[in-house]
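Derivation of every value follows stated rules applied to the coordinates shown; laboratory data play no part. Note that the coordinates shown come from a computational prediction; the quantities given were computed from them, not determined experimentally. Cβ sites come from the backbone with ideal geometry, for glycine too, and all protein chains shown count toward neighbours.
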Amino acid sequence: MRSSGVHLREITDVNRDAVRALRVRRDQKQFVASVSKSLKDAAKKPEANPWYRAVYRGDEPVGFVMLSWKPPTGLFKGRHFIWRLLVDKRYQRRGIGEEALAQIAALVRADGATELLTSYEPGDGEPWPFYQKFGFEPTGEMDDGEIVLRLTFPAGLSER
């Protein structure tokens, strides 16, 4: 089920507090850092070329996404990597994460990429089923104890 009205917005002084207030379920906290920590990580690691947006449904912030957008160095040099993706606990299981991911994939593909990467920490309640359903596959690589996944964009096909 696709969520209507899901879109990405820049985080500004106007919406920053509302976006920082977004929370995942208690059992998901081990898998994804808070928005506040994510923004701090982005500020601490400019070399990762962080790109982040609030996920909105209508006029309501419901999630957050942060990518490492073709960093100039490191393991993911020149590649697009989803660093953080979260949907607030009040809005989960409504297709919002899937719709946000589809929009991110379209943006990355429009930037000329042939793949989109992410990673996850294995464990009970891990996000692997979500990514697998979307079409991600394990690359065989590990990054700091996390399993790296790849979504490949087939050549010559229009966006998902």
Translational diffusion of segment 6-152, µm² s⁻¹ [Kirkwood Rh, Cα pairs; Stokes-Einstein; 25 °C; 0.890 mPa s]: 159
Residue-by-residue Karplus 3J(HN,Hα) for segment 47-53, coefficients 6.51, -1.76, 1.60, Hz, glycine and proline x: 5, 7, 6, x, 9, 9, 8
Dipole-positive endmost among Leu107, Gly140, Thr12 within segment 6-152 (Cβ charges, Cα centre): Thr12
Cβ charges +1 (Lys, Arg) and -1 (Asp, Glu), total dipole of segment 75-114, debye: 180
Distance (nanometres) between label positions extended 7 Å along Cα→Cβ at Asp124 and Arg26: 1.4
Karplus (6.51, -1.76, 1.60) ³J(HN,Hα), θ = phi - 60°, over segment 87-99, in Hz, Gly and Pro reported as x: 10, 3, 4, 6, 10, 6, 6, 10, x, 5, x, 5, 5
P(r), alpha carbons of segment 32-114 - 10 Å bins starting at zero, rounded %: 18, 48, 30, 5
Segment 136-157-segment 22-62 distance, computed between alpha-carbon centres (Å): 21
Exposure proxy order (Cβ contacts within 10 Å, fewest to most) of Asp88, Asp17: Asp17, Asp88
Candidate lysines - alpha carbon under 24 Å from Lys133, same-chain residues fewer than 8 apart omitted: Lys29, Lys89
By average C-beta atoms within 10 angstrom, highest first, the peptides 52-63, 142-153: 52-63, 142-153
